[in-house]
1. How many residues does segment 4-26 contain that are basic (K, R) and closer than 17 Å to L105 by Cα?
2. Any idea which of (1) closer than 19 Å to G124 by Cα; (2) basic (K, R); (3) in contact with a Leu (Cβ under 6 Å, 6 or more places away or on another chain) is the one R16 doesn't satisfy?
3. If you check N191, N175, which single one turns out to be touching a Lys or Arg at 6+ places or on another chain (Cβ under 8 Å) and either within 19 Å of S125 (Cα to Cα) or among the polar types (S, T, N, Q) (or both)?
4. Which ones in segment 189-216 are free of Cβ contacts under 8 Å to residues at least 24 places away in the same chain and open to solvent by less than 50 Å² (accessible area, probe 1.4 Å)?
5. Surrounded by 16 or more Cβ atoms within 10 Å (Cβ to Cβ) and in a helix (DSSP H, G or I): which single residue out of E34, E39 fits that description?
6. For segment 54-85, give me the residue count where each residue is of a type outside the set (A, V, I, L, M), part of a helix (DSSP H, G or I) and either open to solvent by less than 30 Å² (accessible area, probe 1.4 Å) or farther than 16 Å from G102 by Cα (or both).
7. Can you work out which of the residues in segment 13-30 that are open to solvent by 50 Å² or more (accessible area, probe 1.4 Å), under 23 Å from the mean Cα position of the chain (by Cα) and hydrophobic (A, V, I, L, M, F, W, C) is nearest to T85 (Cα to Cα)?
8. Suppose we filter segment 108-121 for residues that are basic (K, R) and either at pLDDT below 85 or surrounded by 15 or more Cβ atoms within 10 Å (Cβ to Cβ) (or both); how many remain?
Amino acid sequence: MKRIRVLLVDDQGLFREALATLLGLHSQLEIVGEAGDGEAGVALAQTLRPDVVLMDLRMPGMSGVEATRRLRSLVPEARVLVLTTFEDDDEVLAAIEAGAAGYMLKASPAEKLVEAICTVMRGGSPLEPSVASKVMAELARLSRRQSEERCQRLADPLSTRELEVLRALCEGLSNKEIAAKLGLTEGTVKNHMTQVLSKLGVLDRTQAALRAHALGLLKPGV
């Protein structure tokens, strides 16, 4: 089985070293590089093309949020999993809006972190429970603005099949699981997913879910 190639971006050298050693014990993971700040992380990602980037948020120079935003633009195939000590509301939402696929705390057990990396690789979006509650609070806030947002109709509406894919995405299903549920090939699901992201004007699945809730696209009959 192909190992998941992981890049570590954190300004604490001892933490990076310990994390690299810990994750390196797992046969499904390969640590391909380390960076001590956001700018170096973006540069390394462009060279190494990792599958998953473990990203700290509070670093000198370029922040993890800005590094995530640039990575999603320059290396779109790389999934960013935020790994930080903090769970501040603004940073949680800023990281997700920048394109982070998931958000874990450094205090998480090693096995839970490995599981999160594997989940991200499968197309999922793992969130710590405390972080998930903040995301849900944001969804509630967006819901209150739903009537206003829905007035801004998509210039290119989603097809029936694309809506089905979007709703399955919002259930937390991976592309493989969506394919099985809808009776499609995984390649077809990936094509539909590309169209969904493009039409919603977002970069990844997490942002698509937020946008779908804001536009009321998950309600029956829409």
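The values are calculated or read from the model by the stated rules, or taken from the named source; none is laboratory data. Since we're looking at a predicted model, the values are computed, not measured. Methodologically, a virtual Cβ is constructed for each residue, glycine included, from the backbone with ideal geometry; neighbour enumeration extends over all protein chains shown. Only protein heavy atoms, including side chains, enter the accessible area calculation; ligands, DNA and RNA are left aside. Shrake-Rupley method; radii C 1.70, N 1.55, O 1.52, S 1.80 Å.
1. Looking only at segment 4-26, we keep the residues that are basic (K, R), and these are 5, 16.
Restricting the remaining residues to those that are closer than 17 Å to L105 by Cα gives 16.
Count: 1.
2. The failed condition is (1).
3. Every option except N175 fails the conditions.
4. Result: L197, V202.
5. Only one candidate qualifies: E39.
6. Counting residues in segment 54-85 that are of a type outside the set (A, V, I, L, M), part of a helix (DSSP H, G or I) and either open to solvent by less than 30 Å² (accessible area, probe 1.4 Å) or farther than 16 Å from G102 by Cα (or both) gives 5.
7. This residue is F15.
8. 0
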